[in-house]
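Chemist: Got a structure here, written out as structure tokens. Questions coming.
The values are calculated or read from the model by the stated rules, or taken from the named source; none is laboratory data. Because the structure is a prediction, the values reported are computed rather than measured. Because the Cβ atoms are built from the backbone with ideal geometry, glycine has one as well, and the counts that use them run over all protein chains shown. All accessible areas refer to the heavy atoms of the entire protein, side chains included, with ligands and DNA or RNA removed. Shrake-Rupley method; radii C 1.70, N 1.55, O 1.52, S 1.80 Å.
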Amino acid sequence: MKKDKRRSDKTESEPSRSEKSEKLQKVIARAGVASRREAERWIADGRLRINGQKATIGDRVSDSDTIQLDGRKLRIQSADTFTPRIIAYHKPEGEICSRKDPEGRRTVFSRLPKVDKGRWIAIGRLDYNTSGLLLFTNDGDVANKLMHPSSGIDREYMVRVMGRVDDAMIQRLKEGVLLEDGMARFTDIVEADKESESINRWFYVCLMEGRNREVRRLWESQDVTVNRLKRVRFGPIFIPAKLRQGQCQELTEREIADLLDAADQG
């Protein structure tokens, strides 16, 4: 039987006892190359190799290993030297959250600062007509952790609706509404100006998920129209008061730690 070079007793890919090994998907995600899920698809499709050998789910790698995607060597950083970064971006209306748009519309990535290694990964999305706080990180593992439903991180939005809103409607929105992709609800709803007699009324709403257009769809299920929507908070991170539309700001180590702690407590 032919011996598998990568799994023999003494191989280039097998870490020595002094080397720290990690799962291949985690290493790729940390480098910002792709999410863990995308890395798993690459493995299943046979696109990833470790020291020339086809990678399999469950493989672990160390700093001395060579990882290739479609024959191209990936630049991977050690966990000991890699520093996760997170930036807050004030997204204006009229930008999409994709890296490229066939229609030529501006993307949120076009205004971000360059990152030395890897790439910026959006932590969630905001639709074309929604403005406000959008977070980016250079660490795919961090992005996955903060976006995962189990994180329990809440999002807060400032929303202007047109139409009649009464206490019964607010109660229904807090108890839960059946949308086409399942039950959804706001965890809190606070009216910004109860004294206003305008047909347009402002509310602050919170929800624990980030499904596509969820805030808009919840209100629209009650036959009212959302004509302004802005995200003002993601977990413990509020949009900085002096951060203008189209600008970004680096989060401090303390802010990053608080954000990750919030995900751990979810």
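Chemist: How are the C-alpha pair distances of region 178-263 spread across 10 Å bins, as whole percents from the shortest bin up?
Modeler: Bins of 10 Å from zero give 13, 38, 34, 14, 1 percent of pairs.
Chemist: If I stretch the segment between residue 62 and residue 166 completely, what's the gain in nm (0.36 nm per residue apart, minus their alpha carbon distance), one decimal?
Modeler: Net length gain for the segment: 31.5 nm.
Chemist: Would you work out what percent of the accessible area of the chain, with all protein chains in place, is carbon or sulfur (probe 1.4 Å)?
Modeler: Using a 1.4 Å probe with all protein chains present, the chain comes out at 45 percent carbon and sulfur.
Chemist: Given an 8 Å cut-off on Cα distances and at least 6 residues of separation, report the relative contact order of the chain as a percent. Working shown, then result.
Modeler: Values: 497 pairs, mean separation 52.0, N = 266.
The value is 20 percent.
Chemist: Between residue 23 and residue 178, what is the spin-label point distance in nm, taking each point 7 Å from the Cα along the Cα→C-beta axis?
Modeler: Placing both labels 7 Å along Cα→Cβ, they lie 3.6 nm apart.
Chemist: If you roll a 1.4 Å probe over the heavy atoms of the protein chains, what accessible area per residue do you get for the chain, in Å²?
Modeler: Per-residue value: 57 Å².
Chemist: What's the FRET efficiency of residue 255 with residue 187 using the Cβ-Cβ distance as r and R₀ = 22 Å, to the nearest 0.05? Before the final figure, lay out the partial values.
Modeler: Numbers: r = 22 Å, r/R0 = 1.02.
Taking R0 as 22 Å, the efficiency between residue 255 and residue 187 is 0.45.
Chemist: Distance from the Cα centre of region 220-266 to that of region 51-65, in angstrom?
Modeler: 37
Chemist: From the C-alpha gyration tensor of region 92-178, pull out the three semi-axes of the equivalent ellipsoid (sqrt of 5λ each), sorted largest to smallest, in whole Å.
Modeler: Semi-axes, largest first: 31, 19, 10 Å.
Chemist: Pull out a ≥ b ≥ c, the square roots of the eigenvalues of the alpha-carbon gyration tensor of region 107-260, then state rounded if a/c is under 1.5, prolate if not and a/b is larger than b/c, and oblate in the remaining case.
Modeler: Prolate, because a/c is 1.5 or more and a/b exceeds b/c.
Chemist: Let me ask you something else. Given bins 5 angstrom wide, list per bin the percent of all Cα-Cα distances in the chain, short to long.
Modeler: Pair shares across the bins are 1, 5, 11, 14, 15, 14, 12, 9, 7, 5, 4, 2, 1, 1, 0, 0, 0.
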